Each structure stands twice: as structure tokens, then as C-alpha cells.
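Take a look at the structure set out below.
Computed from the coordinates by the stated procedures, all read-outs in this text should not be read as laboratory data. It should be emphasised that the depicted structure is a prediction, and the values quoted were computed from it without experimental measurement. Cβ sites come from the backbone with ideal geometry, for glycine too, and all protein chains shown count toward neighbours.
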Amino acid sequence: MNGWMGTILRVDLTSGGIVKEPLDVEMAAAYVGGRGLASRILYDELNMGCDPLGPENMLIFITGPLTITGALSSGRYMVVTKSPLTGTVCTSNSGGYFPEAFKTAGYDAIVFTGRAERPVYLLVQDDHVELRDASGLWGRDVPATCEKVRRETHRGVRVACIGPAGENLVRYAAVMNDVNRAAARSGVGAVMGSKNLKAVVVRGTKGVRVADPESLLKSTIIADHIKKADLGIAFGEFGTPLFVDVMNANNIMPTQNFRLGFFEEGDEINGAEIIDRTLVRSKACYGCALNCGRNTRLPEDSKYKGRGDGPEYETCFSLGSNICVGDLDALTRMNYLCNEMGLDTMDAGTTLGTVMELFEMGRLTEKEIGFPLNWGDADNSLKLLSMIARLEGFGREAAMGGKFLADAYDAPDVFMGSKGQGFAGYHPRGMVGQGLLYATSPEGGNHTTGNTIQPEINGIPEPMDPLSSEGKAEMVISRQDETAFIDSCGVCVFPYMLMEQGTEIIAEFYSAVVGVTHTEDEVRKIGERIFNLERLVNHRLGFTRKDDTLPKRLTQEPHSEGIGEGNTVPLEEMLEKYYMLRGWDREGVPAEEKLKELGLL
Amino acid sequence: MGLRISFNEELCTNCHLCSMFCSLTFTRNGIFEFRPSIARVRVVENEDETKYVAHVCLQCETPACAEACPEEAVSKDPETGIVTINEDECIGCGMCVDACEFGCVFLVGDKAVKCEVCDDPLCVRACAVKALELCEWDEESVLEQGDLYREVGL
């Protein structure tokens, strides 16, 4: 089989049963891999009413047919499950080196069900698969877990694991791989913790077969091309924190819990500052010719200590501008702490933003928190993050997430997210299409199910007014569908989204790997099928139009001074059109005709 | 004298594209596979991840791998300077792997393999940062690269 490995591994943690099952070829052709194929498995098998943190929930680790093929940036995997943060289907994806070892061990996916009686980890070395006792690992942070597992098994293994946050079922706990990479979002780490599964440890020696290798050599040429383009040069040099400057310049850098779109101390936490102060060297994920990763270390003269990766742009936003921390060292230390504990830096930041605003309002006081938490207070933020991961004191409540706190303290509008998940670092009042995208994303506040920066801010492929609703429904639909396909292929969405011809190129790569001739339109159609399938899963989980919302701060409070001053997000208007163009009814449910067209009925 | 693949550590990003594309060259029987585990170039990172090192044969002047081989399957071509392993004669004992202090000979199944400098090396074509390049053999750069390999073992 070209692209796919042809085997799905099923692990029932309750019984300890391990079964290897052939991949359903028709399913693979229709849903590709990654979030597409995983959502189909959930659609067919998940008890929708299950407790996300109960044994009935399913946890799927999955790559795609293009993973480790030489297609551009092909080293990705995803974790798909029913989210304990949002209650929706969720997809959390990550790069690093784990995906290569996972796929070359010979599996397209590992499907976990049940709950182990005692902590275990799964060891996969090619055909050899076993569950091992993890009681000696439980309680350890991420770096210590990876280190101990390698000593217990083989130096060459790659490890995906949870830290204390996942063990303690923090609703936004991450699955960490290769120490510093994260399948961060939607609480996939808590699901892993609820199953008593501490780690997935892999080593593989098999090959990924491809139909037309010559076409894949093109990927290095394309990478070269991207690197020579303006954005590409800056991206390679500064990594994702480059976006601090882009967002600030366009007044869309969410600041002080989205009150503002400009962070005055942006220059203190941007890509240039990282190069000056903390960068050891830039690095790439497996199989990626771009090197946006940042290997960093806090300098000797810093009051904070440590080394690791990051911060990425999203963390510069969430634990930087969003909570008004303009100190790179403190921000970096918070990032390291989240990685060590296995916490999503993004919801960690939006939760802290919620707490700070509640504190400012007097809804939360020192009595509840244990200390004051004012805007920009990095040291008390660090203290709270540590309490969250360990469920100490107020950390137990904050571990439930920003939406929980905002509701519990009777200020629901203070939480900046959608469907219970915090937003990413793009202020929708200054780019309203992003608002529509957040509202309709399967897992709520999310920057990975499409991103509207290229069309709305960079004017690619055509300039459009970021403040107007015109053309936004069409644009968001095509971004979502394209991203659904790219994600499902098991590659990184980044380079494809940067390129004007990204969809054409992914169609070429898919064809070259699998040995078919899919056009740009055909892969977009597959993406549409996947996006609609996720919508169907969510519908079964009880989600409808009432959940496609944005907080009042975005739809009613005018945008702050600068570009787009006074603007709000015209969500209802865009949503109406979006449903119509999607072929969904007014409640946001895919109509029968659309389902037939997509082969979903 | 002859050619080899040079490696510049400062440029490497640890992406492993060299291993991926190298392996493509060596898949057989009309099947094309990306299979890094059979590659003749292998990338490792040191413990604190300050160095990324692609191990690729230095084509030594006096190859320890050749001296160690009990079957005399490893030899240095006097014309090209390239050290090759005769696959038919290799018994997979691993003596050459152990003998190479640079970590540039690998056991794949029951055969030893190493870089034998392809005509149009895909590792070089795939390296977007040009950390790997086809170059003329010269002692100074070989010694330097050898020191790096000894420092960051396989």
C-alpha cells in the first residue's frame, strides 16, 4: 500500500488486549487519515454520551498517508478524542520526531479504549507491542519521564507522554512528545491521564511506500522557494514569534484578555528579542525543510532558570500580551513550566487572563486565589500555573479552565474563547473572518482548523478588507476545507498555508504518494467531507447553532485605538451566509442533500 | 583524491531529510520507500541538544572498517578513494561497525552499509540548508569532521 502502513493498532486498556487490524482501504480513500479518519472511527464507534474522562471515551493517535514521505513538512501526528474541555470532537496535532518512529513502526493509528487499573505505558517496537507498568513514572514531569523511559527501554525510542497536569486531569493538559513538542489543545492529555496511560513509546524500522518519488523531490525545491520569499526569510530567521510584529502592526495582537489589539511591550517578547537573549539554535521537525522551532536557554544573568523550546508565537500571545507580561525571561520560564507539567500554554494563558480580569472586577480576591493576581504579574502567574498542574488550592478550580471560572464567578462574558476553549492570538475585531472561523471551528477557539491571516492581513491570494464581512463566509469555508485535508494527510499545515498554491501542491503530493491523480478541487471536496463529518459528530454530541458563538467583547465592544478602531465582529450576518453556503440548515446542521453529495449518508 | 560528502554542523536543523531521501535510493525491486532505518547517513542530537550531527562516511585514508573485516569485503578504491562494501561477501558480523570510531557504518538486517557517494546524492539534494555537500576529499576537513563525530557519537 502506498502512503498508509495498512494497520491499525487497537489497545483496550481495561483488559490489556492488543489487536492489529487491517486498515479499511475505502475508508482511508474517503477520509485520508489524521483527523478525517479518526473522526470517522469516532462517528462509527464512540458512545456519544460518554464522559470524556471515563473509560468509554476513545483516544486515537494517528498519522496520515503523507507522514514521512518527503512531502513538504511531513512529520506530524494527531491526537483525536472527545474533549473534556469543550465536549466536542477535538484534534490536537504535533510534530517533532515521535511521528516518524510511530509510523515506521508500521501503524497508521493506535486506538485506545478503556482504562488501565494501574498506570501503564505502551511500548511499540515494530511488530512487538506491549503494555508495561508505569507506576515508577507516575508523578514525574515530562523531561524526567522521557529520560527514564529511554533508560528502561532503548536510547533510540521516541516518547509521547503526559506530565502531572494530565495525570491530574487538568482540562487543558497536553500530550507532550520529544520533551518539548505538544499535542497541546482541548485537554487530550487529561483523556490520556483518565485512562492511566502515562506514555506511548515507539521505535520503528519499516518504510513508507510511495508511488512517484521523483515528484516528491520537488518538496525541497518548494521549501527553497518559500525560504526565499519575504515571509519565508523572516519565518526562518525569527520562527513563529515573527508574528508578534505582524499582529502588533495590524492592531490584532490580543492584549489584556482581548481588550486591546496592541501590546506596548511587543518588542520585548518578539522573534528578534529571542535571538538576542535566549536562542541556542533553530531546529526543524522530522522531515521538514523549514526550521521554525526554537531551541532556547535562559541566560546566566536571568532570575529564571532552565532550557527547552520556545516560546512559539501563540505562547507569546497567551502568556505574554494576553496577560500583559512583557518580560521574555518570565514568559519563557512559564513556557518551560507548562512543557514540564504537560499543560497547553494557550489555555493556560486564556485561563490566567480570565482570572486576572475576575480579580480586577473583585469577583475573585486574594482570599480565593491565595495571592493577588494583577495584569502583568509573572511571578504569581508562575505560582498559579504550578498550582493548576498539581491541583493545589485555587489551582483545582483554575484547572477546569477559563469558561468554568467565568461561569462560576458569574461573569460569563469575561472568558475569551468559544465552545469552552480559549482563542488563539489573532484578534477577530481586527480580522472578522477569524471570528467566524473561531465560532464554527469543531473545537471552538482554535487557530489550527484554518487561519485567515494570509487572506485577511497579507492579502494572499487577493487583498480583502479585514474589517468587512464581505467574502468572509466563502473564504473561511475554503480555508477550513483545505486545512481539513492537509491535516488529514499528516503534514504540517504551515508551509501549505503560507503558499498561494498550497492546495494545488498538497494535491500533487497526495497524488505522488498514493498513486492517484487528485486535483485541487478533489482534495478540497475531501476536506469538505471531513469538515462536515466533524460537524455531524458534534451534532450528535448536542452541538448546534447556539454553540457557534463569540463573547460579547468581540461582537459588541468596539475595537481599541488603531487600525479598525471601533469595529466589532458581525457574527450573525456572517454565520447566516456561512450556513447557507455550507448547505447546512438554519440550526447549523448539514442538510440531507449536502450529506448525500459528500457520501456521508 | 576523490569525493566525499561533507557535513557542516552549524547549518544542520535536525530535520533528517537526508536520511529519508538516502533511504529512497536504497529501496529495491521497483518499490520506493522512505525508510530512514536503512539510510547511510544518520542524524543524532547530543544530550543537551546544542549540536545536531549527520554521520556520513569520511572515506578515510586508511579505513579501520576495511582492516576489521574478516571477509575482506570492505575496500578503498584507489582511483576514486571511495570505501565500498561488497554486499555479496559481507557476512553481517558487525566488526566494521564496531571498528569505525566515527559511527559511520551501520548494520541493516544482516548486511553492513555505509555511504559510498552516489553520483547524484539525494541527501545533498534534499538538504535545504546545504549542510551536506559533495566535495573533494581533503585531510584537514576530514579530521575536523571526525573530531565532531567522536564528540557526538552515534
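Taking the stated definitions as given, is A:R132 free of Cβ contacts under 8 Å to residues at least 12 places away in the same chain, outside any loop (DSSP other than H, G, I, E, B) and more than 30 Å from A:L72 (Cβ to Cβ)?
Numbers: free of Cβ contacts under 8 Å to residues at least 12 places away in the same chain: no; outside any loop (DSSP other than H, G, I, E, B): yes; more than 30 Å from A:L72 (Cβ to Cβ): yes.
Considered against the rule, which asks whether it is free of Cβ contacts under 8 Å to residues at least 12 places away in the same chain, outside any loop (DSSP other than H, G, I, E, B) and more than 30 Å from A:L72 (Cβ to Cβ), A:R132 comes out as no.
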* To do: Could you grab me the full set of residues in the stretch A:310-343 that are buried (at least 24 other Cβ atoms within 10 Å of the Cβ), under 19 Å from the mean Cα position of the chain (by Cα) and outside any helix (DSSP H, G or I)?
  => A:G310, A:P311, A:L319, A:G320, A:G342, A:L343
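Which of the residues spanning the stretch A:168-198 are assigned to a strand (DSSP E or B), closer than 12 Å to A:R158 by Cα and touching a helix residue (DSSP H, G or I) at 6+ places or on another chain (Cβ under 6 Å)?
Keep residues of the stretch A:168-198 that are assigned to a strand (DSSP E or B), which gives A:173, A:175-177, A:181-183, A:197-198.
Keeping just the survivors that are closer than 12 Å to A:R158 by Cα gives A:176-177, A:181.
Result: A:M176, A:N177.
Among the residues of the stretch A:250-265, is any part of a helix (DSSP H, G or I) and more than 8 Å from chain B (Cβ to nearest Cβ)? Steps first, please.
Restricting attention to the stretch A:250-265, the residues satisfying the condition of being part of a helix (DSSP H, G or I) are none.
No, the conditions are met nowhere in the stretch A:250-265.
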* To do: Sort out which residues of the stretch A:236-249 are out of contact with any Lys or Arg (no Cβ under 7 Å at 6 or more places or on another chain) and not in a helix (DSSP H, G or I), and write them in order of number.
  => A:T240, A:P241
* If B:S6 satisfies every condition in (1) within 14 Å of another protein chain (Cβ to nearest Cβ); (2) in contact (Cβ under 8 Å) with a residue 24 or more places away in the chain but one, which is the exception? -> (1)
* To do: Scan the stretch A:379-420 residue by residue and report those that are within 25 Å of A:Y304 (Cα to Cα), buried (at least 23 other Cβ atoms within 10 Å of the Cβ) and among the small types (G, A, S).
  => A:S381, A:A389, A:A398, A:A399
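Quickly run through the stretch A:24-43 and pick out the residues that are assigned to a loop (DSSP other than H, G, I, E, B) and closer than 19 Å to A:V200 by Cβ. Step through it out loud before you land on a result.
To start, the set of residues in the stretch A:24-43 that are assigned to a loop (DSSP other than H, G, I, E, B) comprises A:24, A:32-33.
Matches in the stretch A:24-43: A:G33 only.
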* Asked: Taking only pairs six or more apart or across chains, which ones have beta-carbon atoms under 7 Å, a first residue in the stretch A:576-598 that is assigned to a helix (DSSP H, G or I), and a second residue that is among the basic types (K, R)?
  -> A:Y579/A:R586
* **Count of residues meeting criterion [over 19 Å from A:T104 (Cα atoms), assigned to a strand (DSSP E or B) and within 27 Å of the chain's Cα centre (by Cα)] in the stretch A:1-23** => 1
* Structure fact -> Note on B:C15: of the conditions (1) assigned to a loop (DSSP other than H, G, I, E, B); (2) hydrophobic (A, V, I, L, M, F, W, C); (3) under 19 Å from B:L143 (Cα atoms), unmet is (3)
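So if I check each of A:I252, A:I275, A:I269, which one is without any contact (Cβ under 8 Å) to a residue 40 or more places away in the chain, touching a helix residue (DSSP H, G or I) at 6+ places or on another chain (Cβ under 8 Å) and among the β-branched types (V, I, T)? Step through it out loud before you land on a result.
Numbers: A:I252 fails: without any contact (Cβ under 8 Å) to a residue 40 or more places away in the chain; A:I269 fails: without any contact (Cβ under 8 Å) to a residue 40 or more places away in the chain.
Being without any contact (Cβ under 8 Å) to a residue 40 or more places away in the chain, touching a helix residue (DSSP H, G or I) at 6+ places or on another chain (Cβ under 8 Å) and among the β-branched types (V, I, T) holds for just one of A:I252, A:I275, A:I269, which is A:I275.
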* B:E87 fails exactly one of the following numbered conditions: (1) away from every other protein chain (no Cβ under 14 Å); (2) crowded, with 16+ Cβ neighbours inside 10 Å; (3) acidic (D, E). What is the number of that condition? -> (2)
* **Number of the condition not met by A:S318 [criteria: (1) within 14 Å of chain B (Cβ to nearest Cβ); (2) small (G, A, S); (3) closer than 26 Å to A:D413 by Cβ]** => (1)
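From the residues in the stretch A:509-527 that are crowded, with 23+ Cβ neighbours inside 10 Å and not aliphatic (A, V, I, L, M), which one is nearest to A:M1 (Cα to Cα)?
Taking the stretch A:509-527 as the starting set, the residues that turn out to be crowded, with 23+ Cβ neighbours inside 10 Å are A:509-510, A:512-514, A:523, A:526-527.
Within this subset, residues satisfying the condition of being not aliphatic (A, V, I, L, M) are A:509-510, A:527.
Values: A:F509: 16, A:Y510: 14, A:G527: 22 Å.
Among residues in the stretch A:509-527 that are crowded, with 23+ Cβ neighbours inside 10 Å and not aliphatic (A, V, I, L, M), the one nearest to A:M1 (Cα to Cα) is A:Y510.
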* **Of residues in the stretch A:199-222 being in contact (Cβ under 8 Å) with a residue 24 or more places away in the chain, part of a helix (DSSP H, G or I) and of a type in the set (A, V, I, L, M), the one farthest from the other protein chains (Cβ to nearest Cβ)** => A:I222
* Asked: Restricting attention to the stretch B:25-42, and to residues there that are touching a residue at least 24 places away in the same chain (Cβ under 8 Å) and surrounded by fewer than 24 Cβ atoms within 10 Å (Cβ to Cβ), which single residue is nearest to the other protein chains (Cβ to nearest Cβ)?
  -> B:S37
* **helices (runs of 4 or more DSSP H) contained entirely in the stretch A:378-478, each with at least 1 residues that are without any contact (Cβ under 8 Å) to a residue 12 or more places away in the chain and of a type outside the set (V, I, T)** => A:378-390, A:395-398, A:402-408
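Which residues, counting only those in the stretch A:550-567, are under 26 Å from the mean Cα position of the chain (by Cα) and in a loop (DSSP other than H, G, I, E, B)? If you could, list the steps in order and put the result at the bottom.
Residues of the stretch A:550-567 that are under 26 Å from the mean Cα position of the chain (by Cα), as a first pass: A:550-555.
If the condition is that a residue be under 26 Å from the mean Cα position of the chain (by Cα) and in a loop (DSSP other than H, G, I, E, B), then A:L550, A:P551 are the ones that fit.
Considering only residues that are charged (D, E, K, R) and either crowded, with 20+ Cβ neighbours inside 10 Å or more than 14 Å from chain A (Cβ to nearest Cβ) (or both), which ones fall in the stretch B:112-132? Even if it seems obvious, please write down each step before you answer.
First, the residues of the stretch B:112-132 that are charged (D, E, K, R): B:114, B:116, B:119-120, B:125, B:130.
Residues satisfying the conditions are B:K114, B:E116, B:D119.
Pick from the stretch B:95-141 the residues that are of a type in the set (V, I, T) and not in a helix (DSSP H, G or I): which of them is farthest from B:T62 (Cα to Cα)?
Looking at the filtered set, the residue picked out is B:V129.
Looking only at the stretch A:97-115, filter to residues that are assigned to a loop (DSSP other than H, G, I, E, B) and in contact with a helix residue (DSSP H, G or I) (Cβ under 9 Å, 6 or more places away or on another chain); which one of those is nearest to the other protein chains (Cβ to nearest Cβ)? Full working, then the answer.
Here is the first cut: in the stretch A:97-115, the residues assigned to a loop (DSSP other than H, G, I, E, B) are A:97, A:105-108, A:114-115.
Among the residues that remain, those that are also in contact with a helix residue (DSSP H, G or I) (Cβ under 9 Å, 6 or more places away or on another chain) are: A:108, A:115.
Working: A:D108: 15, A:R115: 34 Å.
Across the stretch A:97-115, the extreme among qualifying residues is A:D108.
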* What are the residues in the stretch A:412-436 that are within 25 Å of A:P84 (Cβ to Cβ) and of a type in the set (A, V, I, L, M, F, W, C), if any? -> A:V414, A:F415, A:M416, A:F423, A:A424
